[in-house]
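Shown next, in structure tokens, is the structure this report addresses.
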Amino acid sequence: MSINFKSALVETKNLSYTVGKQNIVDDINIKILEGDYTAIIGPNGGGKTTLIRLILGLNKKTSGDIFLFGTKIKKFKRWSDVAFVPQNVSHVDQNFPASVKEIVRMGRSALKKGWSRFSADDEKIIDESMVKLNVKHLENKLIGELSGGQRQRVMIARALASSPKLLILDEPNTGVDMVSQKKFYTLLKELNEKDGLTIIFITHDLGVIADDIKNVICINQTLLACNNPHEILSCSAMSELYGVDAHVMHHHH
């Protein structure tokens, strides 16, 4: 018998969020352990982004409990351990006057107090973040000059510059071409497996789920499944989740 000693970085208990008389998410119970690589899937309007916003404290729960790193969210203070990359983050003003390195440095700035200067260690972490995301060679380019896939990697590098233990992404591949998507998923897998980074991301790309990730959360207002990705990718499970007859086709990256 194997015993799992990993701690839960995210846990919700009977979590609900209601607007007016409408249940956006209802009675959600999940547990995401240290080192997990978790995808959240479900139909548009099913509550995926709301669940993430609740976990991040951006929306206030109606009922239930949320724990981050074992602490109730109301008392949680270690926000530097959590990095969030929202949807459409690669869509930036083409004329925004900031270089790639300046954007990545912003992620490290969140850890600094007042106007304190960056240390040599800070600069090393900033550079390492750019190297991991393969944008170091672009550091002097303006963010508006980059492709969508490149901007996406810059924003992830900014998130990594804060040295988080948990990375949360909301549909990170929206508007990014297929080649960039494949490279991106490979990168996420490496960050999880080599760096031990716990990752949660919302996706509509069901194909990547079976190939790469460790577990999947299926949500359509309520929690429909939290399981092995290969078990989830069945016609019956997809039909229940999306409310239509489903035919599942597998593809590999």
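No lab work stands behind these numbers, since they all come straight from the coordinates. The structure displayed is predicted, hence computed values, not measured ones. All Cβ positions, even for glycine, are placed from backbone atoms using ideal geometry, and neighbour counts span all protein chains on display.
Structure notes:
- Between GLU102 and ASP205, the simple spin-label model (points 7 angstrom out along Cα→Cβ) gives 3.0 nm.
- Stretchable slack from VAL131 to ASP195, in nm (0.36 nm times residue separation minus alpha-carbon distance): 21.7 nm
- At R0 = 25 Å, FRET efficiency that the Cβ-Cβ distance of SER109 and THR18 yields, to 0.05: 0.10
- Cβ-based exposure ranking for ASP121, ASP81, in which fewest neighbours within 10 Å come first: ASP121, ASP81
- Full-extension gain in nm, ASN29 to LYS141, via 0.36 nm per residue minus C-alpha separation: 35.9 nm
- Taking label positions 7 Å along the Cα-Cβ direction at both LYS165 and TRP79, the computed distance is 1.8 nm, reported to one decimal.
- When the C-alpha to C-alpha distance is required to be over 20 Å, the pairs from LYS194/LYS214; LYS132/LYS183; LYS112/LYS136 that qualify are LYS112/LYS136.
- For the range 37-92, the list of trypsin sites (Lys or Arg not before Pro) that fall in a loop by DSSP and count at most 16 other C-beta atoms within 10 angstrom reads LYS60, LYS77, ARG78.
- Neighbour counts of C-beta atoms inside 10 Å place ASP65, ASP170 in the sequence ASP65, ASP170, starting with the fewest.
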